[in-house]
Amino acid sequence: MRLINSVILCYFLVAVSAAHAALRDHVVTVQRGCPNASTLLIKKSAVELSSAQSCQQNYTEKLLQACSDMDCPKLVESFKNNLQDRTGSVVGE
Amino acid sequence: MKRYLLLLAIFVASAGAAESPQSLEERIAKLEEKLEEFEIDKSYDRLHVSGTYINYLETINATSKNGTTGEKVAENGEIMSMHVALNFDVNINKNIDFFTTLAMGKVWNNDGREGEEQGSYRSYQGSYAYAGSTARFDVAYIRWRTDEECWSFALGRMTTRGGPPMNQLDALSRNGTYPRFGYNAIFDGLAVVRDFKAILPKDYSVKTRLFYTPTFQLDSRDRSAPAQDVDGNAIDRRSNQLTWLNEFERSNTSFAKKISLYSMLWYYDKFYDAEYQSSTREGVEYYRALSHSLYLGFERIAGSGTNFSWSNLRVNSKSDGGTLNHSDAHLFNLNYTFASEHVVGVEQIFTDRSFYIDDWSYLQFNDFYQRPSSSGQHVFGAISFPHRQVLRLGVYQYRAKVNTFAGYDSKQTTQNFYASYRIDF
């Protein structure tokens, strides 16, 4: 059982370290404004925002309902910053 | 009987106990195998592909009147063009990233344009020269970043063009480094960036970016020989350019969601321009300039979608044997971004008699951002569609006076309408 736990732990360590830094930043930013939202919900919302930067989507609406200090423009802005980091469009960021 | 039943129970239990560790090991082995596959997949998944595709239509509608003869000339027509940019970004490790953009800009069904003749200007233009269907690298640079992300170093062909506030026209995040109304060109060179976030309170941001982007001149055939001017004089191989961009940002104020103040100072010397050589002066004539661009931006004013920015450009330039020229210009941008990401806005420009901007990489077919002695407006509206599609409609219009100093012997009125379809993926 201990071995299984180790394997599972190892899996998540690899998964987290391999996740793109920018998406991690997005998750951290959103968690600050939505302390009750699960990481999975934030990532599901990020997937939705990647196709349309609108908050009228299933998981994004659920995420915003769980947020005390995060509104739609803030969420979209955080996501845009995430995209920006991926293309190096500002030198040094 | 009870004894037999007890023995049977012990046998079944021991058999189960013997089988249990074996299946557990098998499951662990399977999990390890899956984990290895996952690790291998991840190790190859370092390449991120994205891109932008734009189709652009502009109507040309300009009237000029010669300041001496009074002769009127009207110019009308339409131009359609496209621009494709494919980004291939490689995350080498957590500290090193390599960014590239392979791009093509062309006028529809025309592969005959070459863009600027001078090599340095062709480099600054990149794919924005509309030089046909051959792709060019507009970006190719490597970035090293420290663990704390306080220091960054960049080397190569960098994302210096198309800076703020141009991103706001399509409701995008900032996608260029130098302010648009400062320097709009693609530069090769070195950069060092210091982010002071570690020592600043939350909601404050201070960054300083230093660029060294020298321009080199070489003979077009013999790489070991210097380039020559029309009189056969050797041109200096290197023209130095240093740019210092300081950025201050304050977020979440009661007045605006974000306040940005950027100050960019740059200097270049020994710059050779083939078109501006004195016919009477002996030897090569070089240019030097000390310029400053200020960008002050307010985003989401009073919690609404209102954005406002003011850009100011001051250029002090001098050629060998020439007089010192001062130029001053202003660009104001006021726009409203709706929750649906639709945008309406207006830009107002004022330029003086000796106005000059190094503006090389742009899509439009008019000189709205470049014309000296002018005042004009750019009115625009952008509609956002799902999957990051934006349709922008607008008009560039300006009035420019006769300006013999800058080589314009006619006053001009321009009113160019345009439509731009853009998708980011």
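Determine the relative contact order of chain B: mean sequence separation of Cα pairs under 8 Å and six or more apart, normalised by residue count, in whole percent.
Details: 1055 pairs, mean separation 55.2, N = 425.
It comes to 13 percent, rounded to a whole number.
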Task: Backbone HN-Hα couplings from phi across region B:256-271 [Karplus 6.51/-1.76/1.60, Hz, Gly and Pro as x] - done: 8, 5, 8, 10, 10, 10, 10, 10, 10, 10, 9, 9, 9, 9, 6, 8
Open item on the list: Give me, ordered by chain and number, the residues 5 or more places off B:Y183 or on other chains with an amide H under 5 Å from its own placed amide H.
Closed with: none
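Take each of the peptides B:210-222, B:161-173, average the number of other beta-carbon atoms within 10 Å over its residues, and list them starting from the highest. Write out the running numbers ahead of the final one.
Details: B:210-222: 15.7, B:161-173: 22.8.
Peptide ranking by packing, descending: B:161-173, B:210-222.
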TODO: May I have the pair-distance distribution P(r) for the protein assembly as shown, computed from all Cα-Cα distances with 10 Å bins from 0 and rounded to whole percent?
DONE: 3, 15, 25, 24, 14, 8, 4, 3, 2, 1, 1, 0, 0
Task: Amide hydrogen neighbours beyond the local backbone of B:K270, cut-off 5 Å, H modeled - done: B:Y287
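How big is chain B by the Kirkwood estimate over distinct Cα pairs, in Å? Working shown, then result.
On the way: mean 1/r = 0.0400 Å⁻¹.
About 25.0 Å, per the Kirkwood formula over Cα pairs.
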Task: Ellipticity estimate at 222 nm from DSSP helix runs (n ≥ 4, -39,500 (n - 2.57)) divided over chain B, nearest 500 - done: -4000 deg cm²/dmol
Task: Helix axis angle, B:2-44 relative to chain B longest principal axis, alpha carbon, degrees - done: 10 degrees
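Under unit Cβ charges (Lys, Arg +1; Asp, Glu -1), what dipole magnitude, rounded to 20 debye, does region B:35-166 have relative to its Cα centre?
On the way: 13 positive and 19 negative charges, 111 e Å.
Computed about the Cα centre, the dipole is about 540 debye.
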TODO: For region B:351-367, take each phi angle, set θ = phi - 60°, evaluate the Karplus expression 6.51 cos²θ - 1.76 cosθ + 1.60, and give the result in whole Hz per residue in order, putting x for glycine and proline.
DONE: 10, 9, 4, 9, 4, 8, 10, 7, 10, 10, 10, 8, 9, 6, 10, 10, 10
TODO: State the answer as a single residue: which of B:S23, B:Y418, B:L324 lies farthest towards the positive end of the charge dipole of the protein assembly as shown, with beta carbon charges of +1 for Lys and Arg and -1 for Asp and Glu, about the Cα centre.
DONE: B:S23
TODO: List the trypsin sites (Lys or Arg not before Pro) within region B:70-149 that fall in a DSSP loop (any state other than H, G, I, E or B) and whose Cβ has at most 14 other Cβ atoms within 10 Å.
DONE: B:K94, B:R113
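Let me know the Kirkwood hydrodynamic radius for region A:20-87, please, with Cα pairs as the basis and the value in Å to one decimal.
About 11.4 Å for region A:20-87.
Taking loop as defined by DSSP and a crowding limit of 15 other beta carbons within 10 Å, which GluC sites (Glu not before Pro) in region B:208-284 fit?
Details: sites: B:E247, B:E249, B:E275, B:E282; in loops: B:E275, B:E282.
Passing both the DSSP loop test and the Cβ count: B:E275, B:E282.
Using +1 on the beta carbon of Lys and Arg, -1 on that of Asp and Glu, and nothing else charged, what's the dipole of the protein assembly as shown about the Cα centre, debye to 20?
On the way: 55 positive and 59 negative charges, 270 e Å.
Approximately 1300 debye in magnitude.
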Open item on the list: Please compute the contact order of region A:20-87 in relative form: average sequence separation of alpha-carbon pairs under 8 Å and at least six residues apart, divided by the residue count, as a percent.
Closed with: 42 percent
Task: Part-to-part distance (alpha-carbon centres) for region B:42-87 and region B:196-235, which is given in Å - done: 26 Å
Task: For B:Q241, residues with placed amide H under 5 Å, excluding near neighbours - done: B:T213, B:T215
Open item on the list: What are the ³J(HN,Hα) couplings of region B:180-185, residue after residue, when phi is run through the Karplus curve with 6.51, -1.76, 1.60 and θ = phi - 60°? Round to Hz, x for glycine and proline.
Closed with: 4, 8, x, 9, 10, 8
- [ ] Lys and Arg at +1, Asp and Glu at -1: add these up for the other residues within a Cβ distance under 15 Å of B:A131 and post the number.
- [x] -1
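None of the figures in this text is laboratory data; all of them are computed from the coordinates on show. Just so it is clear, the structure is predicted and the values come from calculations on it, not from any experiment. All Cβ positions, glycine included, derive from the backbone under ideal geometry; neighbour counts span all protein chains shown.
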